[in-house]
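First the structure, in the form of structure tokens, and then the observations on it.
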Amino acid sequence: MLRRLVTIGAAAFLIAGAAMAETPAYEWPLPTWMPPPPVPADNPMSAAKVDLGRHLFHDARLSRDGTVACVSCHVQARAFSDGRTVAVGIHGTTGAKNAPGLANVGYLPVLTWANPHMRSLEFQALIPIFGENPDEMGSTGQEATILATLAADPYYAAAFPRAFPDHPAPDLFTITRALAAFQRSLISVTSPYDAFKRQGDKTALSEAARRGEQLFFDHRFECYHCHSGVHFTDTLQTARMPEAEVGFHNTGLYRDYPAAVPGLIELTGRPQDAGRFRTPSLRNVAVTAPYMHDGSIPDLRAVIAHYAAGGRAPDHPQKDGMIQGFVATEAEIADLIAFLESLTDQNFLTDPRLSDPWPESHPARARRMMPPAGG
Ligand code: HEC
Ligand code: HEC
């Protein structure tokens, strides 16, 4: 049995090796202190695949009527969130949840706000394209038309064979794999706080942000208990971790969480999971307002007020024990905000490798809906 596995493993390695020889290898834009995210064995990274995924991510022709692309709700300048309270999909359909940012999404072992079973970027990509609750891109039943449109595009005619030499057609297998590879390349590790903390640049943080750092890691505030580790979330997996960490918590947002978005309980059925949501990363948090799974908190000051009060609904029976409330001065609140702002990675928000690759009048973006600018 073991021998058989070793043989299969070696064969897989050879196949991967052959594919690598044909397309340039992908180089992670990572410093030594940050290991790469895990990559599934059946979807190795390559520069060609990431570039293909970048084009698909920005291509509204993946939607039923050519008006909605992934970027319609995941905008680079907002760390791939959209500034709306809840997402707005095809024909203006609103969902019940806030679109999260996608910085370092490859390091998340579970995806979306409260679904413990959503464990693959490849699979997740199908939800916005085909999901009907909410209707985001509305493409169910349109598969053949959409694939034919992509196949006729000169960029894709060359890019799919380049990215998938053994499986060159645009289909759901290749589209979801390319989208996942691009999303694994959404890496944000060059904030001022990273420079200060990891590269030893003592000038990278203001005095206020340094005081805010102390407060963030202080027992009075308890933020670091859940927003822990390199990505400020207790939900993490890297290529070097044998086991993923996953954290879902109730922060006391509601006494009765609305039936449309009840938290982890929706899928587990366990009463103790009422109002529990996955801890979001705080990297780039200053540009991803509004906050929480339903976008119900408008800014960072109001988020801190929520925690200071021990939650908006402090008596929820499932509220996490770490959220007890605290007293903070105005100066301390300003310092904590300065610290959170030091997690904004301007390189990531403007990195041309992650930007829209399509010319303005191209059919991929000509009719594409985008969230209101500003913020
Ligand atoms: C209409 C807006 C909208 C569109 C279009 C959209 N998304 Fe999202 N996205 C959301 C919302 C809302 C969530 C949170 C869903 C939830 O928690 O159930 C989300 C969650 C995600 C997540 C999980 C992130 C995390 O932190 O767990 C990924 C990955 C993602 N989207 C990728 C994509 C890709 C790829 C596309 C294009 C194929 C896309 N999205 C299109 C609104 C959108
Ligand atoms: C018990 C774990 C826990 C503690 C302690 C905690 N958080 Fe959170 N945090 C969460 C969870 C879970 C969410 C998402 C809740 C939701 O959407 O319903 C969240 C959401 C947030 C958000 C919104 C992020 C977004 O993208 O929407 C910010 C900002 C935030 N927390 C900052 C803080 C700060 C600052 C502290 C300390 C004062 C803190 N948190 C303490 C678990 C925690």
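Listed by position, the helices (runs of 4 or more DSSP H) inside region 158-223 whose residues that are within 16 Å of ligand 2 (Cβ to nearest atom) and surrounded by 15 or more Cβ atoms within 10 Å (Cβ to Cβ) number at least 3 are 207-216. Looking across Ala41, Ala48, one residue alone is at pLDDT 95 or above, open to solvent by less than 20 Å² (accessible area, probe 1.4 Å) and hydrophobic (A, V, I, L, M, F, W, C). It is Ala48. Here Val88 does not qualify as under 16 Å from the mean Cα position of the chain (by Cα) and within 8 Å of ligand 1 (Cβ to nearest atom). The residue that is nearest to Met118 (Cα to Cα), counting only those in region 257-296 that are aliphatic (A, V, I, L, M), part of a helix (DSSP H, G or I) and more than 13 Å from ligand 1 (Cβ to nearest atom), is Ile265.
Matching residues to (1) within 16 Å of ligand 1 (Cβ to nearest atom); (2) touching a residue at least 24 places away in the same chain (Cβ under 8 Å):
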{"site": "Pro298", "(1), (2)": "no, no"}
{"site": "His306", "(1), (2)": "no, yes"}
{"site": "His316", "(1), (2)": "no, yes"}
{"site": "Ala331", "(1), (2)": "no, no"}
{"site": "Glu341", "(1), (2)": "no, yes"}
{"site": "Trp358", "(1), (2)": "yes, yes"}
{"site": "Ser361", "(1), (2)": "no, no"}
{"site": "Arg368", "(1), (2)": "yes, yes"}
{"site": "Pro371", "(1), (2)": "yes, yes"}
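Apart from one condition, Ala144 fits all of (1) within 12 Å of ligand 1 (Cβ to nearest atom); (2) free of Cβ contacts under 8 Å to residues at least 24 places away in the same chain; (3) over 29 Å from Val230 (Cβ atoms); (4) surrounded by fewer than 17 Cβ atoms within 10 Å (Cβ to Cβ); the exception is (1). Scanning region 241-256 for residues that are buried (at least 17 other Cβ atoms within 10 Å of the Cβ) and within 14 Å of ligand 1 (Cβ to nearest atom), we see that the one that is farthest from Lys319 (Cα to Cα) is Val246. Each residue in region 107-121 was checked for being open to solvent by less than 20 Å² (accessible area, probe 1.4 Å) and more than 9 Å from ligand 1 (Cβ to nearest atom), and 2 pass.
Whether a residue is more than 10 Å from ligand 2 (Cβ to nearest atom), over 23 Å from Gly101 (Cα atoms) and at pLDDT below 95 was assessed, and Pro242 passes this test.
The values are calculated or read from the model by the stated rules, or taken from the named source; none is laboratory data. Because the structure is a prediction, the values reported are computed rather than measured. No Cβ is skipped: glycine too gets one built from the backbone with ideal geometry, and neighbour counts run over all protein chains shown. All accessible areas refer to the heavy atoms of the entire protein, side chains included, with ligands and DNA or RNA removed. Shrake-Rupley method; radii C 1.70, N 1.55, O 1.52, S 1.80 Å.
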